Amino acid sequence: MIRFLAYSLLVTAFALVPTVYAQDAAEDLPADAPADPPADAPAAEGAPFEAAASEAAPAAGELPPIDAAKLGDDPAVQALVDSKPTTPIELFRVTYLLVELGRADAAGPFLKRFLASNPTPRDLTLILREHGSGRLWRMARVEALGADGKKAIDLVLDGARAFARDPQQLARSIEALGHPAAEVRRQAMHDLAAAENDAVALLIATLADETQKQRHAGVRDALVALGQTSVPGLAAAVTADDAVALAAIDCLGRIGDGGAMIYLFGPAAGHDAARRTAATAALKRIAGREPTPADARSLLAAEAKAHLARKVRLPTHGTDQVTLWSWDAAKRQVAPQTYHHDDALAVIAARLARELAAADPANAEYRRLSILATLEMTKLIAGLDAPLETAPQADAATLDVVLADALAQRRIAAAIGACQALAKSGDATLLHRPDGRTSTLASAARDVDRQVRFAAVSAIMEIAPDKPYAGSSSVVEALCYFAASDGRSRALVVDPHGYRAQTLAAFTEAIGFDGESAILGRGGRLMLNRSADYEFVLVDLGVDHPRVYDLLGELRRDPRTARLPIGLMAGDGELARAKRLAAAFTRTIAFPQATDAETIEKQAGHLLALQGRLAASPDVRERQAELALAWLAKLSTQDQAVYDLRRCESMLVAAIQSPNRSAAAAECLANLGTHTAQLALVDLASQASRPIAMRESAAAAFAKSVPRRGIQLTSHEILRQYDRYNASRDLNAATQKVLSSILDTIETPTKAAAKKPQPQAKAASLER
C-alpha cells in the first residue's frame, strides 16, 4: 500500500512541470553554494528565460543506452523509465526521484546520460531552481552514485553560477527589475543575488548611464536589496563626480551597514553642499545622529590614522588578500581589485587622508597626512625599489617634515617615497641646518631599515651637495655597506666551540645559504659589518668576547645589523634563560641547539619570517651594490671635499676579489690611489688563479692610478713585481702580458724623467 502511494505521488509529480522543493535545509548548504531562486511558481511571462522552452529542447549528441533489465519491476521505477526522459532537465529529474525512492543504483544510468547530454548553463540554472542547492548537495553525498554524483552537482552549481554572471543574462535581469509582474521582479533579484559582484558592477554601471534613467530607481532598490554585497562597489562610486555619487551615498544610507560610514565622512566634511547633505542624512540613518562638518573631519582623521597605523583588520579571503573596489571615471564604472591586507589598509588610508585634506585645505597637518598616506600606498603597490613616477605637489620643506613623520611612525614605504620625492626636488639646502644638527635626510641614511637607508643615500647622491654637511660620514658608511653586497644569501654561526660552529654552518649550506662561522663575538660582529648579505645569525649562549648580552646589544645599536634576525642557541637546561634574553631584544628567537639540517631549516624559516614581506631580496641587494659602487666611482673622480672615501678602502679591497664587483671596485681603488689601493690592484693582477678579465681590469686600474697619484708602492713591493714577472716564464702569454704591463706602469714615471736604469732586455729568459 505504501509503495503504491509512493508510485502514485511520483507519477503525479512527474506529470506536472515541477517546481518542487523550494525549501532548502540551511544546515546542509555550503557557504559558497549559489542562492536559490523561488520555486513555488513557474517563471512568469517576460522573465529572463522561460522554463517550458528549455524543457522541450532535445538533448544533444549520442546518449549512453539504459539497460532496462537492471531496473527491476518496481512500478514507481518503471513509471519513471516509461516517461522516456530525453532532455537534460528530464534526465536529472528522473535521477533525483530515483534517489529519493532509494534506488540510487537504478539512477546511475540516467545520471550518466545526463552528464553526456551537454546541458547548457540555462538548463543547469533551471535544474537548480527546481531542486534547490541544499538537496543537490545531499544528493552529491549519496555513495551509490559514486564520483558521478558529485560531478553532476558541481556541474549544475557551476553552470548556474556562470549563467547568472553572463553579461547578457545580467542585462536581462536588470531590465526585468522594471517589469510590472512582481514575480518577474522577484526572480530577477534572485538572479542578480546569485551573480554577486558581477551584478553589483553592472548595476552601478547602469546607474551611471544617463540613457537608462528610467531604470535608476529599480537599480537603486536592487543595490539596497543586495545589502553588504553592494557596499564595496557603492563605496567606490561615492568618489564619482556627479549624480552617481549621490545615488551611491543614498544606497549606503538605506543599507545601514556601519562599515560603510568611513566612506561617508569625506562627503559629509566636504564643500559640495549636495554631497554633504546626502552624506549627513545617510550617516544619521546609520548611526542615529547627524554629524557636523567638524565632527566628520575629526572622524575622518581618526580613521585615516588608524588605517595607516594598521590598527584595523579587514575581512580577508585566501592568505591575507583583500578585495577593494575603485571608480574608473573614464569608463564610468567600478571594478574590484585584490590587494595584500597591509596594502589595502594603505589604499583606504590614502583615500580618507585625501578627502580630509580637501575638506580643510588650509590645515597643514591634514595636508602632510595626505602626502604621507599617498606615498605609503604608492610605494607599497609599485614596489619599494621602483622609482617614484609622480612626486607630491609640495615644497621641499614640507616633504622634509613628511619624511620625519614617516620615520617617527615607522611607515617604511612612505619614508622611502619621501626620500625619492626629495631627490626630485634637488634642494641641497635641506642637508644644512642653521643649528648644525644632522638633517632628516642625512639621519635617514643611518636608519635601521635597509631600504630606507638606501633611499636616503640615493636621494643625497642625486641631490649631489657640493659643501660638507652634518652626517656626511653616515652616507659614506652606508655606501660602503651597500657596495659590500654580492647578492648571495649568507648565514652566520657564532659559537665558541669551533667544530660545532663549522657543523652548524655546514647545515646552513645544506639548506641553500652560504654558511660561515666565528668562534668569538667580536669576530662575528666584524663579519656581519663587512657584508650586507647576511639574512640571519645563530648565536650560542656561551659566546664570549663580548659575552652574549653585550654582543646582542651591539648588533641592535648598529643600523647595519639592527633588524637582522638572531637565533639564540641554547644547550640542555638553558632554553628558559635563552627565552628571557631573547625577549629583551627585537627580532630575536630562542631555539634548542640544532643537531641536523632539518632542524636548522625550521629555525631559519622562523627567523626569515621576522624580516617581513618588504625585506630586500638578493636581486635587490645586488642592484643596490652596483649603484653604490657606481656612486663611489663617480665621487672618487671628483675633486670634492664632502666625503672621505678612504673609509671605504677596506671594503673596496675585498670587493675586487668578487667577479661581479671587481671592475667597479678596481676603478674606485684607482681613483683613491692610496698605497693600500695600489697594492691590492697589483696583487690581484698578479694572481694567476684569477680569471684573466679580473686581472686585466686590475692592471688597467693600476695604470690609471699612477699618473694621478704617483707610485705608492714601496721599493720592496716593486722588486717583488719584477720577481713575479721573471717567475712567469712557464705561464701563459696572457699572464705574462698582464705582469709586463704592471712593470711598464711602474717604469713610466722614471722613463718620463729620463732617469730609468737600463734593465736587461726582454728575452727568452724573461729576465727584466
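What to note about this one:
- Debye intensity ratio I(q)/I(0), log10, region 490-612, q values 0.15, 0.17, 0.20, 0.22 Å⁻¹ (C-alpha model): -0.56, -0.75, -1.10, -1.40
- Residue order, fewest to most beta carbons within 10 Å, for MET694, MET189: MET694, MET189
- Net charge over other residues, Cβ less than 14 angstrom from the Cβ of ASN671 (K, R count +1; D, E count -1): +1
- Per residue of the chain, the DSSP helices (runs of n ≥ 4 H) give a summed -39500 (n - 2.57) that works out to -18500 deg cm²/dmol at 222 nm.
- 0 to 90° range, to nearest 10: angle between helix 243-255 axis and the chain longest Cα axis: 70 degrees
- Working from label points 7 Å from Cα in the Cα-to-Cβ sense, the ARG557 to GLU747 distance is 5.5 nm.
- Taking the three principal axes of the alpha carbon atoms in region 481-523, the coordinate ranges are 32, 26, 7 Å, sorted in descending order.
- Convex hull volume per residue for region 645-752, taking Cα atoms only, in Å³: 87 Å³
- At full extension, HIS606 and ALA386 could sit 76.4 nm farther apart than now, given 0.36 nm per residue minus the alpha carbon distance.
- Normalised convex hull volume, the chain, alpha-carbon set, Å³ per residue: 278 Å³
- Loop-resident GluC sites (Glu not before Pro) (DSSP state other than H, G, I, E or B) in region 318-420 with no more than 10 further Cβ atoms inside 10 Å of their Cβ: GLU389.
- Simple Cβ-charge dipole of region 335-465, Lys/Arg +1 and Asp/Glu -1, about Cα centre, in debye nearest 20: 200 debye
- Computing FRET efficiency as 1/(1 + (r/R0)^6) for ALA464 and SER650, where r is the C-beta to C-beta distance and R0 is 25 Å, gives about 0.45.
- Rounded to 10°, Cα long-axis angle of helix 396-409 versus longest principal axis of the chain: 70 degrees
- Evaluated with a Cβ-only charge set (Lys, Arg +1; Asp, Glu -1), region 490-612 carries a dipole of roughly 580 debye about its Cα centre, given to the nearest 20.
- ILE718, ILE463, ILE204 arranged by Cβ crowding within 10 Å, fewest neighbours leading: ILE718, ILE463, ILE204
- Computed lengthening from ARG530 to ALA408, 0.36 nm per intervening residue step minus Cα-Cα distance: 41.1 nm
- In nm, spacing of pseudo-spin labels at ASP435 and GLN212 (7 Å Cα→C-beta vector): 6.2 nm
- Packing rank of 311-317, 521-527, where each peptide gets the mean count of other beta carbons within 10 Å, highest leading: 521-527, 311-317
- Greater than 30 Å apart at Cα, pairs in LYS84/LYS150; LYS331/LYS379; LYS213/LYS305; LYS424/LYS467: LYS213/LYS305
- Percent antiparallel among DSSP beta bridges (both partners in the chain, rounded to 5): 30 percent
- Exposure proxy order (Cβ contacts within 10 Å, fewest to most) of CYS480, CYS668: CYS480, CYS668
- The base-10 log of I(q)/I(0) for region 370-426, evaluated at q = 0.23, 0.26 Å⁻¹, reads -0.78, -1.01 [Debye formula, identical scatterers on Cα atoms, solvent excluded].
- Length released on extending from GLU290 to ALA727, taking residue separation times 0.36 nm less the Cα-Cα span: 148.0 nm
- For region 196-357: rounded, prolate or oblate by the Cα gyration tensor [a/c cutoff 1.5]: oblate
- Average projection area in nm² (convex hull over Cα atoms of region 346-460, one quarter of hull surface): 6.7 nm²
- Amide N proximity, region 551-576 versus ALA584 label position 7 Å along Cα-to-Cβ, cut-off under 20 Å: 551-559, 561-576
- Take every DSSP beta bridge whose two residues both sit in region 253-375; close to 100 percent of them are antiparallel.
- Angle in degrees between helix 341-359 and the longest Cα principal axis of the chain, rounded to the nearest 10: 90 degrees
- Theoretical FRET efficiency, 1/(1+(r/R0)^6), r = Cβ-Cβ of ALA364 and ASP242, R0 30 Å, to 0.05: 0.45
- Distance cut-off 21 Å, percentage of C-alpha pairs in region 432-525 lying past it: 51 percent
Only the coordinates and a few stated rules stand behind these numbers; no lab work does. The shown structure was predicted, so the numbers you read here are calculated from the model rather than taken from an experiment. Note: ideal-geometry Cβ built from the backbone for every residue, glycine included; neighbour counts use all protein chains shown.
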